[in-house]
Amino acid sequence: MSRLLSVENLSKQFTLGSGLWGKERRLDALTEINLEVEAGETLAIVGESGCGKTTLGRCIIAAQPVTEGRVVYHPKAGQSVELTALSKREIKPWRQDIRMIFQDPMSSLNPNMRVFDIVAEPLRIHKICKRRELEERVISTLEKVGIPAEAVGRFPHAFSGGQRQRIGIARALVLDPKLVIADEAVSALDVSIQAQVLNLLEDLKAEFGLTYIFISHDLGVVNYIADRVVVMYLGHVVENAPTEMLFERPRHPYTELLLEALPIADPTRRKPRKSEVRGEIPYLGNRPTGCPFHTRCRYAQEICRSDKPALRSINGTAQQAACHFAETLDLKGAYEDAGHSAREMAHAQ
Amino acid sequence: MPQTPMAAKPILSITDMSIVFTSPDEAPIEAVRQVDLTLTPGKTLALVGESGCGKSVTARAVLRLLDSNAQIQRGSISFAPPDEAPVDIARLKQDSLPLRAIRGNQISMIFQEPMSSLSPVHTIGDQIDEMMLLHEGLKPKAARERSVALLDQVGVPGARERADAYPFQLSGGLRQRAMIAMALACKPQILIADEPTTALDVTTQAQILDLLRQLQADFGMAMLFITHDLGVVAEIADEVAVMYLGDVVEQGSVFDVFAAPKHPYTQALMRSIPKLARKAERERLSPIKGTVPAPKDRPDGCAFTSRCPHAFEPCPSVRPARTEVGNGHHARCHLLTPVPVEEPA
Ligand SMILES: Nc1ncnc2c1ncn2[C@@H]1O[C@H](COP(=O)(O)OP(=O)(O)OP(=O)(O)O)[C@@H](O)[C@H]1O
Ligand SMILES: Nc1ncnc2c1ncn2[C@@H]1O[C@H](COP(=O)(O)OP(=O)(O)O)[C@@H](O)[C@H]1O
Ligand code: SF4
Ligand code: SF4
Ligand SMILES: [Mg+2]
Ligand SMILES: [Mg+2]
């Protein structure tokens, strides 16, 4: 596999209106994010709401300026384009390669445009094709996502949530992108429709050789669709690992907390009382010092309050975590018989 | 209503309920067509189904909180608290005294969006006090003592100070807890929870589910828990009822229904969620084909006909009967009804 995108030391600050004494307040939405996306993989980004997932996606597609760091795109082996260094005009051609599907299909589709024009718009903006060719391309893309040609004259409100999400996908795919960032693309959908869209995303990936960044808060879906998972907490990457390794044995206590909280659709696997799942995500403006997770971490020690742990490979494996004790903690996985948790279940029933 | 083989007597039985919405320029819509449900003290019944299938309408009917264009056209909602004569809530007059005595007092409700039941201009303490002043005739001081105790019980840290907070000063999780405290103010016998965790993060959701389980053990109330998430059902429910397009198509113990779903819709629903398994055991999802039709396009017979892989001749026109398929486990599907001895010509 070759590298398609690198995010290097990326930080993003938002400036909030002036505070009490006319002082500007800053909010660190992303702090020194490093990650790599391999061509052909599905990389999931997970974490609680407000942890910075959407902001990261928007920084990658250059919809938002970054405060520090770089986003580098590798269109082919040996070629590197530093997206964060380009002007609006220079970046335009690369915008075709990296597309985003948004969280809320209703607000991301212009309600006053017909479906045909919604999907044609990117082709027109990028002046890719006209008339017959444009029409053919739009219709065939819509058909690929399961919207019949006779429906292209309708407005978004005349479609169901699942169909609107398909239209959003068609709009992203019509430019023949290499990388698609799907931000909670199935979260608002009913399970039966969610399954249809997940299968569609998989088929399209196989057909067009796509790479996905799949932003989600649903770890069940992530386990199903992702090759690798990046876990974010308060704007930091706290773990980055191949999906199965992460679900088998997480190396960061926050990942363990997320896995523990995940409801499993099997009453025989009902978990023992999760009194340990406690604490709330602190407000980003009051980020704790030291390890960002120490206010909620059940394994926190003195050092966690003062020193920030670095993200590093654990025992030379492909699993990276940012916890002082990542190498030694025996954390619970999510699979039915994943070490630790199986033992506990035996006691619980 | 067939007797459910459970130890405790049902406290609420909904039988063959139908709810119709009328509007001046459209044909009437039967949003809820056939609902049979029973709630038992100390037990949680999860009502699960896709968006628009009628879960919230069913729940609101129990408290008669439906919009004015809605009508309970058929069926009964029998509320039978221990030591009291049963009342058919469906027959009570809107805003009548007996209805107001039940609402918020014996039966209360929590919602997905806490701000739909909390007032933004009053402190949460005042709002909880108010419930007790209204229904229990407590003195203000005593009411506040109980409010603080309740807030503490639902896990609001610093309850005494937080009682003076306005809802906007609380995080989503705390607001949800404040709403739960308010719903529990009068020790209801039934708590109806309409997607109370859908808008929350998984970690907060886990806390709220825990809390509800704990409170149920403490208060012994019956709970109707509405959700579209089968994972949440498996976590919280004793019993589950599956709804599709206005019909309850299957109801039974959560263990039976998950282990061996009998209705084709329940089966299909279970197959469309990803299993939490390793890559080697990974199976491609098999989604239900098509989408839920609008209520006006629902066939007279089984509502699932247009999407059912097993649909056969009687399905579109004949409504399947409620069939017992196991101990306290019922489903409505022609595949499950005993074949008549003599085939009609
Ligand atoms: N005031 C109303 N007038 C007309 N139709 C209504 C009204 N309220 C609800 N409905 C219809 O009744 C049906 C059931 O709605 P309900 O709100 O119970 O769905 P639900 O199962 O709770 O869905 P969700 O999971 O999206 O909350 C839908 O078809 C809805 O459009
Ligand atoms: N334009 C903006 N101005 C100020 N703060 C913002 C803006 N966009 C996002 N944020 C803040 O940045 C943080 C991360 O947000 P977001 O990336 O949307 O989170 P997620 O997608 O993980 O839920 C949040 O605290 C959010 O409120
Ligand atoms: S560094 Fe300390 S506080 Fe942070 S996750 Fe590890 S043990 Fe917990
Ligand atoms: S009654 Fe017919 S259409 Fe309905 S679920 Fe059974 S087989 Fe399918
Ligand atoms: Mg987001
Ligand atoms: Mg609802």
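Can you tell me the accessible area per residue over chain A, all protein chains present, probe 1.4 angstrom, in square angstrom?
Heavy-atom accessible area per residue stands at 44 Å².
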Loop-located trypsin sites (Lys or Arg not before Pro) in the stretch A:1-98 whose Cβ has at most 13 other Cβ within 10 Å (DSSP): A:Lys23, A:Lys76
Residues with amide H under 5 Å from that of A:Ile101, placed H, sequence gap 5 or more: A:Ile181, A:Ala182, A:Asp183
HN-Hα J in Hz across the stretch B:58-70 - Karplus 6.51, -1.76, 1.60, θ = phi - 60°, x for Gly and Pro: 4, 5, 5, 4, 4, 9, 6, 9, 6, 4, 5, 8, 9
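Of the beta bridges DSSP finds with both residues in chain B, what % are antiparallel, to the nearest 5?
60
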Nearby lysines by direct alpha-carbon distance to A:Lys130 (threshold 27 angstrom, same-chain neighbours under 8 apart not counted): A:Lys88, A:Lys92, A:Lys144, A:Lys178, A:Lys205
Accessible area of chain B belonging to carbon and sulfur atoms, whole % at 1.4 Å probe: 54
Rounded if a/c under 1.5, otherwise prolate or oblate - the stretch B:225-332, Cα gyration tensor axes: oblate
For the stretch A:308-318, 3J(HN,Hα) per residue [Karplus equation, 6.51 cos²θ - 1.76 cosθ + 1.60, θ = phi - 60°, Hz, x = Gly/Pro]: 8, x, 8, 6, 8, 5, 8, 6, x, 8, 7
Alpha-carbon centroid distance for the pair the stretch B:20-63 / the stretch A:91-137, whole angstrom: 40
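For chain B, report the accessible area per residue in Å² (1.4 Å probe, heavy atoms, rounded to an integer). Each step should come with its number before you reach the end.
Details: 14920 Å² over 345 residues.
For chain B, the per-residue accessible area is 43 Å².
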Accessible surface buried upon A-B contact (total; probe 1.4 Å; Å², nearest 100): 4000
Amide H partners (placed H, <5 Å) of A:Leu30, local residues excluded: A:Lys12
Protein accessible area in the stretch A:112-167, 1.4 Å probe - carbon and sulfur %: 48
Rg/Rg_ref, chain A, where Rg_ref = 2.2 N^0.38 Å and atoms are Cα: 1.05
Positive dipole terminus of chain B, leading residue within B:Ala277, B:Thr38, B:Thr227 (C-beta point charges): B:Ala277
Anisotropy class of the protein assembly as shown from Cα gyration tensor, a/c 1.5 cut: oblate
Average partner coverage of B:278-288, which counts Cβ from other chains inside 10 Å: 5
Antiparallel %, DSSP beta bridges [both residues in the protein assembly as shown], to 5: 60
Charged-residue dipole, Cβ positions (Lys, Arg, Asp, Glu), the stretch A:27-129 about Cα centre, Debye nearest 20: 640
29 Å Cα-Cα reach of B:Lys43 towards lysines, excluding residues that sit fewer than 8 places from it in its own chain: A:Lys271, A:Lys274, B:Lys9, B:Lys55, B:Lys93, B:Lys187, B:Lys262, B:Lys275
Positive-end extreme of charge dipole, the protein assembly as shown - chosen from B:Pro157, A:Ser107, A:Ala188 (charges on Cβ): A:Ser107
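Given only helices, namely DSSP H runs of n ≥ 4 each adding -39500 (n - 2.57), what is the per-residue ellipticity at 222 nm of chain A, to the nearest 500 deg cm²/dmol?
Details: 12 runs with 113 residues, N = 349.
For chain A, the value works out to -9500 deg cm²/dmol.
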In order through the stretch A:185-194: 3J(HN,Hα) via Karplus (6.51 cos²θ - 1.76 cosθ + 1.60), integer Hz, x for Gly, Pro: 5, 10, 5, 8, 9, 5, 3, 5, 6, 4
Calculated [θ] (222 nm, deg cm²/dmol) that DSSP helices of n ≥ 4 give over chain B, each run adding -39,500 (n - 2.57): -8000 deg cm²/dmol
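The values are calculated or read from the model by the stated rules, or taken from the named source; none is laboratory data. From a predicted model like this one, the values you see are computed outputs, not experimental measurements. Glycine also receives a Cβ, built like all others from the backbone with ideal geometry; neighbour counts cover every protein chain displayed. The protein model used for the area step is the full one, side chains on, heavy atoms only, and it has no ligands, DNA or RNA in it. Shrake-Rupley method; radii C 1.70, N 1.55, O 1.52, S 1.80 Å.
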